[in-house]
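Quick notes on the structure that follows.
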Amino acid sequence: MNTASPDRIPDNLPDHIQHYIDGAFVDSVDGDTFDVVDPVTSQAYIKAAAGKKADIEAAAAAANAAFHDGPWPKMLPRERSRILHRIADIVESRGDAVAKTESYDSGLPITQALGQAHRSAENFRFFADLIVAQVDDVFKVPGRQINYVNRKPIGVAGLITPWNTPFMQESWKLGPALATGNTVILKPAEFTPLSAGLWPGIFEEAGLPKGVFNLVNGLGEDAGDALVKHPDVPLISFTGESGTGRLIFGNAAPFLKGLSMELGGKSPAIVFADADLETAIDATIFGVFSLNGERCTAGSRILVQRSIYDEFVERYAAQAKRVRVGFPDDPATEVGALVHPEHFAKVMSYIEIGKTESRLVAGGGRPAAFPEGNFVEPTVFADVPRTARIFQEEIFGPVVAITPFEDEAEALELANDTRYGLAAYLWTNDLKRAHNFAQAIDSGMVWLNSNNVRDLRTPFGGVKASGLGHEGGYRSVDFYTHQQAIHITLGAVHNPTFGK
Ligand code: NAD
C-alpha cells in the first residue's frame, strides 16, 4: 500500500477557512461551518465558514459601497492595469505555493496545478493589457451628428465557480470583472474553498482598494442562491453543471440580471484514417486524462474511422494502462485523486454502467495500490453505442468512450448527437474536410490537429446545453460593461415640430 507524504500539506494552513468581506476575514454571521475533505484520504481536514443570506448581504453592501463611493471604477485604465499586473506578478512568483495548495485541496497532480497557477497569472496579465488597449466606437454622420460609446462598469459582479482547477477558474472571472472597474463577490465551490483564501493576501499586497473584492464561502443552495437572488448584484458569471446553470437562469430571471454561463460538456475527438495516428493517440490520451479528467473541455468521446479502429483501440488502451496514477504531490503523477468522495462515487458508478453498455479495454475501477482516497484507474470503453449513457452523459473523470464510424457523414452525426456542444477536436490531414467538418460541428470551439491550446483573445463558450454567451478577449469586456450610446447634434436640430 502507498502512503501519502506529510510534506504535501501546504505551509500556513489556516485554522479554518473564513469569508473575506470589506477587507477583513470574518466567520459566518450565524457561525455555521462545513467540512472540507482531503481527496487523498477522504477525511475532513479543515472547516470552512458556511455563508448564507446574511453573509451575502454584508458582502453586497461592501461591494456596492466600494463601487459607488470608492476609487476603483473611476480609476484610469492604466492605474487599474498596474494593480492587475502586480497581482499577476505575485501569483507567478508564488506559483509553487499556489500549486501546492490547489493540488492538496483538489487532488490535481502537482505539475498540472503549477501550469494552472501560471495560467491564473496570465488571466490577470491579459486583461490588464487589454483594458489599456481598449478602444470604443465613434460614429460620424457628416455635418449632422457625432455619436460615441461611453463604456461603463456595471456594478457588483457575482462570480460563482466550480471545483475543477478552482484557482484558475476564479482568475478567469476575476481578471475581466476587475479590469473593467466592477467590484465583485466570489462564491467558490464548496469542495475546494482553500485556494480562494489566497486571493485576499495577494490583492491587498497588490494595492486593490478595500471592498472591491469580497469572498463568501458556502454551499451552492445557500450562499450561491442568495448571491443569484440579491437585487443589488446585477451580474452573475457562472461556471458549473448545466443543471445548475438552468436553475440559476430561472432564479435570476425576476431580477433581469446579466448572465454568462459556462456549462458542462461531452466533447468529441474525431480521428480520421488519414490522421497522424501517433500524435492523435498522444493528444486524445492527454485530452481526457489530464486534470484527472475533471475538465469541461475533455475529449471524452473518441470517434475513430473504421479502417483504423482496431489498431487505434489497441494502441490507445495499451497507452492508457501506462498512464501513471499517483499521489497528487508526486511530480511523476499523471492522474491524481478525484476531488471528493461524492464525485468519486459518481465516476465509479458510471464505470459500472459502462461495463454493461460496452467493452472495457483499460482500467475499470480503483487501482490496487490505492485502497483509500478518490483514486480511479484511467478507464477506456470501446464499441460504445450512441445510445449508451457513457456516450451521452458528462462523467467528469478519467473515463473515455471510443466509437467507430464509417464515413464523414456518420462521424458528424455522432459528433453532434449529444445535448452538449462545448469543444471538439478533429484529427485529419485533409484540408478541405478539416474546415468543412469543423464548421459543421455544433460546438463553441474546435481544435484542428491540436489539443486544447487556448488563445485568450478567442471566444470561449459553448452551444446547446454547454453554455450561453461567450467570454474571452473583448467579449469578456463587453459582458462586464455597459455600452452607453451618446448622440450629439452638430447641425440643425433634426426635430419634426408637433403641436404648432
Ligand atoms: P456545480 O454546478 O455543482 O457547482 C458550480 C458552482 O455553483 C459551485 O460554486 C456551487 O456551489 C454553485 N451552486 C450550486 N447550486 C447553486 C444554486 N442553486 N445557486 C447558485 N449557485 C449554486 O458544478 P461543479 O460540480 O462545481 O463543476 C463541474 C461542472 O462545471 C461540470 O459540469 C463542468 O463541465 C462544468 N465546467 C464548465 C466549464 C466551462 O467553461 N464551460 C469550465 C469548468 C467546469
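Key figures
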quantity	calculated
Flag for residue 208 being touching a residue at least 12 places away in the same chain (Cβ under 8 Å), away from the ligand (no atom under 16 Å from the Cβ) and open to solvent by 10 Å² or more (accessible area, probe 1.4 Å)	yes
Filter result for residue 362 (within 23 Å of residue 391 (Cα to Cα), modelled with pLDDT of 95 or more and of a type outside the set (Ser, Thr, Tyr))	yes
Cβ pairs under 8 Å, 6+ apart, first in the stretch 455-484 and under 12 Å from residue 153 (Cα atoms), second of a type in the set (D, E, K, R) and open to solvent by less than 30 Å² (accessible area, probe 1.4 Å)	479/471
Residue 47 being over 25 Å from residue 128 (Cα atoms), assigned to a helix (DSSP H, G or I), open to solvent by 50 Å² or more (accessible area, probe 1.4 Å) and in contact (Cβ under 8 Å) with a residue 12 or more places away in the chain	no
Of all residues in the stretch 446-500 being part of a strand (DSSP E or B) and in contact with a Leu (Cβ under 9 Å, 6 or more places away or on another chain), the one that is nearest to residue 278 (Cα to Cα)	448
Matching residues in the stretch 435-475 - criterion: being surrounded by 19 or more Cβ atoms within 10 Å (Cβ to Cβ), more than 15 Å from the ligand (Cβ to nearest atom) and more than 15 Å from residue 302 (Cα to Cα)	437
Filter pass, residue 344 being within 16 Å of the ligand (Cβ to nearest atom), within 25 Å of the chain's Cα centre (by Cα) and surrounded by 14 or more Cβ atoms within 10 Å (Cβ to Cβ)	yes
First in the stretch 224-238 and assigned to a loop (DSSP other than H, G, I, E, B), second anywhere and β-branched (Val, Ile, Thr) and more than 11 Å from the ligand (Cβ to nearest atom), Cβ under 6 Å, 6 or more apart	233/156; 234/154
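Listed here are the residues, each with its yes/no results for (1) in a helix (DSSP H, G or I); (2) open to solvent by less than 10 Å² (accessible area, probe 1.4 Å); (3) of a type in the set (S, T, N, Q).
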{"residue": "82", "(1), (2), (3)": "yes, no, no"}
{"residue": "85", "(1), (2), (3)": "yes, no, no"}
{"residue": "96", "(1), (2), (3)": "yes, no, no"}
{"residue": "108", "(1), (2), (3)": "no, yes, no"}
{"residue": "114", "(1), (2), (3)": "yes, no, no"}
{"residue": "120", "(1), (2), (3)": "yes, yes, yes"}
{"residue": "129", "(1), (2), (3)": "yes, no, no"}
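The values are calculated or read from the model by the stated rules, or taken from the named source; none is laboratory data. Everything numeric here is computed off the predicted structure, so don't read it as measured data. Using ideal geometry, Cβ is built from the backbone for each residue, glycine included, and neighbour counts are taken over all protein chains shown. What goes into the accessible areas is simple: the full protein's heavy atoms, side chains included, and nothing from ligands, DNA or RNA. Shrake-Rupley method; radii C 1.70, N 1.55, O 1.52, S 1.80 Å.
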